[in-house]
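The values are calculated or read from the model by the stated rules, or taken from the named source; none is laboratory data. Quick caveat, the model's predicted, so the values are computed rather than measured. Don't worry about glycine lacking a Cβ; one is built from the backbone with ideal geometry, like all the others, and counts go over all protein chains shown. The area values use the complete protein model at the heavy-atom level, side chains included, leaving out ligands, DNA and RNA. Shrake-Rupley method; radii C 1.70, N 1.55, O 1.52, S 1.80 Å.
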Amino acid sequence: MDEPIDQQGIARARALLATARAVVVLTGAGVSAESGIPTFRDALTGVWSRFRPEDLATREAFLRDPARVWAWYAERRATVARVAPNAGHHALAKIEADSAAKGIEFTLVTQNVDGLHHAAGSRRIHELHGNIRRVKCFDHGHAAVAWDESGETPPRCAACGSRLRPDVVWFGEMLPEGALEHALEASRRCDVFLSVGTSGLVEPAASLAHAAAEAGAAVIEVNPQRTPLTARATIALSGTAATVLPLLAGSAGYVAPRGL
Ligand code: OAD
């Protein structure tokens, strides 16, 4: 992690971002790691090194033990409510604002459910895996804005009485309607695709970078580890999101206003 920063790679990546017509950014759990949210697959600290996805992140798991699944997500919801966006999230919001000012089309696609991109001020976001801050009912997907934690676990939907669940995508479920289509279309149309903090192991998100590369886009990767995308990347920047993204955004040293 303490490798020297590839200044030449940063300069090339900045030039690509500054002269693009359309930019797509794909983020994964790594972009929120420095906010204190564990990733999924890091060998020691990853969520899936301590829990099995099939016990917690499938419809079958919820039907088997809804109270356990609800409680696990309630804990993760409390974590995301406690933490703040880091310099990486803020840098992406700045790249979006600077792109808009120059007429560059900018699309942020995230696999994260923590809502930290919104909190940092990003605007055009496609959340492929939902958002853990939202809750809906199991049977009909009615959105719940308030619920009573003091009674039955999980609480019931005020509209139909079915159980409430997090509004995230579980393994085996469809992505939110339209989200993948928009992300794929933007990826095929962009000329710069920036992949940040994702292992590239979960489909269909993983195929977006490849779709962009096949359509001729330059691919920039930011990750402290190698991934299946690294060999294909036009520029692979080895480092963390909170150190590398501010350099790409020209915002190193920038301190985000409080409350963002
Ligand atoms: P992973 O946990 O699979 O991968 C996280 C990536 O972030 C790894 O490649 C790390 O090397 C990298 N990383 C770690 N710290 C970083 C940092 N500070 N800065 C930049 N990169 C860092 O997470 P995802 O790729 O997001 O799906 O996982 C994809 C999906 O699998 C998740 O959305 C989730 C999970 O199961 C569902 O829950 C449906």
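Among the criteria (1) farther than 16 Å from GLY197 by Cβ; (2) within 15 Å of the ligand (Cβ to nearest atom), the one ALA13 does not fulfil is (1). Scoring ARG82 on the criteria (1) within 14 Å of the ligand (Cβ to nearest atom); (2) over 30 Å from CYS190 (Cα atoms); (3) out of contact with any Leu (no Cβ under 9 Å at 6 or more places or on another chain) leaves a single failure, condition (1). Can you find even one residue in segment 117-128 that is open to solvent by 60 Å² or more (accessible area, probe 1.4 Å), modelled with pLDDT under 95 and charged (D, E, K, R)? Yes, segment 117-128 contains at least one residue that is open to solvent by 60 Å² or more (accessible area, probe 1.4 Å), modelled with pLDDT under 95 and charged (D, E, K, R).
List pairs: first in segment 139-160 and closer than 16 Å to TYR73 by Cα and at pLDDT below 90, second open to solvent by less than 80 Å² (accessible area, probe 1.4 Å) and assigned to a loop (DSSP other than H, G, I, E, B), Cβ under 8 Å, 6+ apart or cross-chain? Listed by first residue and then by second, the contacts come to TRP147/PRO155; ASP148/PRO155; GLU149/PRO155. A count restricted to segment 199-225 and to residues that are of a type in the set (Ser, Thr, Tyr) and under 18 Å from ALA13 (Cα atoms) stands at 0. Pairs linking a residue in segment 227-251 that is open to solvent by 40 Å² or more (accessible area, probe 1.4 Å) to a residue that is among the acidic types (Asp, Glu) and within 10 Å of the ligand (Cβ to nearest atom), with Cβ atoms under 8 Å and 6 or more positions apart or on different chains, are ALA236/GLU221. Looking only at residues of segment 16-31 that are away from the ligand (no atom under 13 Å from the Cβ) and either at pLDDT below 95 or not in a helix (DSSP H, G or I) (or both), we find that the one that is nearest to LEU229 (Cα to Cα) is VAL24. Taken as a whole, segment 133-149 holds at least one residue that is within 15 Å of the ligand (Cβ to nearest atom), surrounded by 12 or more Cβ atoms within 10 Å (Cβ to Cβ) and not small (Gly, Ala, Ser). For residues that are more than 6 Å from the ligand (Cβ to nearest atom) and among the hydrophobic types (A, V, I, L, M, F, W, C), tally how many sit in segment 32-43. The number of residues fulfilling the criteria is 2.
Within segment 200-226, the set of residues being in a loop (DSSP other than H, G, I, E, B), buried (at least 16 other Cβ atoms within 10 Å of the Cβ) and more than 9 Å from the ligand (Cβ to nearest atom) comprises ALA217 only.
In segment 182-199, the residues that are touching a residue at least 40 places away in the same chain (Cβ under 8 Å) and on the phi > 0 side of the Ramachandran plot reach residues that are outside any loop (DSSP other than H, G, I, E, B) and surrounded by fewer than 24 Cβ atoms within 10 Å (Cβ to Cβ) with C-beta atoms within less than 9 angstrom, at least six apart or across chains, in these pairs: GLY197/ALA33.
Among VAL80, VAL31, VAL69, VAL23, which is the only one that is aliphatic (A, V, I, L, M), surrounded by 14 or more Cβ atoms within 10 Å (Cβ to Cβ) and in contact with a His (Cβ under 7 Å, 6 or more places away or on another chain)?
Values: VAL80 fails: in contact with a His (Cβ under 7 Å, 6 or more places away or on another chain); VAL69 fails: in contact with a His (Cβ under 7 Å, 6 or more places away or on another chain); VAL23 fails: in contact with a His (Cβ under 7 Å, 6 or more places away or on another chain).
When all the criteria are applied, what remains is VAL31.
Could you please find all residues in segment 174-199 being touching a strand residue (DSSP E or B) at 6+ places or on another chain (Cβ under 9 Å), open to solvent by less than 50 Å² (accessible area, probe 1.4 Å) and either near the ligand (Cβ under 10 Å from one of its atoms) or in a helix (DSSP H, G or I) (or both)? If the condition is that a residue be touching a strand residue (DSSP E or B) at 6+ places or on another chain (Cβ under 9 Å), open to solvent by less than 50 Å² (accessible area, probe 1.4 Å) and either near the ligand (Cβ under 10 Å from one of its atoms) or in a helix (DSSP H, G or I) (or both), then LEU175, ALA179, LEU180, ALA183, ALA186, SER187, SER195, VAL196, GLY197, THR198 are the ones that fit. What residue, among those in segment 44-57 that are within 10 Å of the ligand (Cβ to nearest atom) and in a loop (DSSP other than H, G, I, E, B), is nearest to the chain's Cα centre (by Cα)? Filtering segment 44-57 for residues that are within 10 Å of the ligand (Cβ to nearest atom) and in a loop (DSSP other than H, G, I, E, B), the one nearest to the chain's Cα centre (by Cα) comes out as GLY46.
Out of PHE51, PHE40, one residue alone is in contact (Cβ under 8 Å) with a residue 40 or more places away in the chain and aromatic (Phe, Trp, Tyr). It is PHE40.
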